[in-house]
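Student: Provided herewith is a single structure, encoded as structure tokens, for subsequent inquiry.
The values are calculated or read from the model by the stated rules, or taken from the named source; none is laboratory data. Since this is a predicted model, take the numbers as computed values, not measurements. No Cβ is skipped: glycine too gets one built from the backbone with ideal geometry, and neighbour counts run over all protein chains shown. The accessibility values were calculated without ligands, DNA or RNA, using every heavy atom of the protein model including side chains. Shrake-Rupley method; radii C 1.70, N 1.55, O 1.52, S 1.80 Å.
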Amino acid sequence: TIQAIGYIVPTFFLILGDQNMLQRIGAAKDVKTAKRSGKGLVIAEVVVCVLIILVVTTGIFLVPTTDHPDTIIFQVAVGFLPPLVAGFILSGCMAFVVTTGDSYILSIASNITYDIWGRFINKEATDKQKLMFLRVSAFVMAFLAYILGAFFPDILSVQMYAYSMYGASITP
């Protein structure tokens, strides 16, 4: 409803500033593929957001008193859906978490490697050296992400903080 539209529209604009998505589209083999990927991204984003909103809205009625509202999708999947459907939802959620996390870590490590280290510190670095530095940077960034994550009480707090940073600074 109105709240759903209020969620989808900001999400669409947040992905405009999302380096993770821009890198994926920018890595296309040609302009035609990039345009097709962009259109597919918009369609997929709308479909996924609508499905998430439907499951979460249903969850509000099925599990009205929950101590962990950030896990409502998991609670609905495990407690109220057939095992096959629940398996798809749980697998999709975990795939989303893993791919988003590793994409952000790789984006940050790539920026450090190519935009800082390769441009200012070691301009003569070979591809092999850059690859090694990228791997070390990715490991260090993953470790720092783990440490930062320990300071947040739940995953929604991390997401709200991250999207606030994107929405207030990077996207504009």
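Student: Looking only at the stretch 115-156, count every residue that is in a helix (DSSP H, G or I) and polar (S, T, N, Q) and tell me the total.
Tutor: Taking the stretch 115-156 first, the residues in a helix (DSSP H, G or I) are 115-121, 127-149, 155-156.
In the following step, the residues that additionally are polar (S, T, N, Q) were identified as 129, 137.
Adding up the residues that qualify gives 2.
Student: Mind checking whether some residue in the stretch 61-75 is touching a Gly at 6+ places or on another chain (Cβ under 6 Å) and under 22 Å from residue 45 (Cα atoms)?
Tutor: At the first step, the residues of the stretch 61-75 found to be touching a Gly at 6+ places or on another chain (Cβ under 6 Å) are 72.
Cutting the leftovers down to under 22 Å from residue 45 (Cα atoms) gives us 72.
Yes, that holds for at least one residue.
Student: Also, quick follow-up: For residue 31, only one of the following conditions fails: (1) surrounded by fewer than 13 Cβ atoms within 10 Å (Cβ to Cβ); (2) within 20 Å of residue 149 (Cβ to Cβ). What is its number?
Tutor: (2)
Student: Looking at 114, 104, can you tell me which residue is open to solvent by 60 Å² or more (accessible area, probe 1.4 Å), touching a residue at least 24 places away in the same chain (Cβ under 8 Å) and under 15 Å from residue 137 (Cβ atoms)? Quick ask: steps written out before the conclusion?
Tutor: Values: 114 fails: touching a residue at least 24 places away in the same chain (Cβ under 8 Å).
Result: 104 is the single residue among 114, 104 that is open to solvent by 60 Å² or more (accessible area, probe 1.4 Å), touching a residue at least 24 places away in the same chain (Cβ under 8 Å) and under 15 Å from residue 137 (Cβ atoms).
Student: Taking only pairs six or more apart or across chains, which ones have beta-carbon atoms under 7 Å, a first residue in the stretch 147-161 that is closer than 20 Å to residue 93 by Cα, and a second residue that is outside any helix (DSSP H, G or I)?
Tutor: 158/152
Student: Checking the conditions here, which among 45, 124 is under 16 Å from the mean Cα position of the chain (by Cα) and not β-branched (Val, Ile, Thr)? Before the answer, list the steps.
Tutor: On the way: 124 fails: under 16 Å from the mean Cα position of the chain (by Cα).
After ruling out the rest, the residue left standing is 45.
Student: A further question follows. Identify all residues within the stretch 56-70 that are assigned to a loop (DSSP other than H, G, I, E, B) and over 19 Å from residue 90 (Cα atoms); write none if there are none. If you could, list the steps in order and put the result at the bottom.
Tutor: Our first condition is that a residue be assigned to a loop (DSSP other than H, G, I, E, B); within the stretch 56-70, this holds for 63-68.
Selection gives 64, 65, 67.
Student: With respect to residue 89, is the statement that it is open to solvent by 70 Å² or more (accessible area, probe 1.4 Å) and assigned to a helix (DSSP H, G or I) true? Please lay out each step first, then the result.
Tutor: Numbers: open to solvent by 70 Å² or more (accessible area, probe 1.4 Å): no; assigned to a helix (DSSP H, G or I): yes.
Judged against the criteria, residue 89 is not a match.
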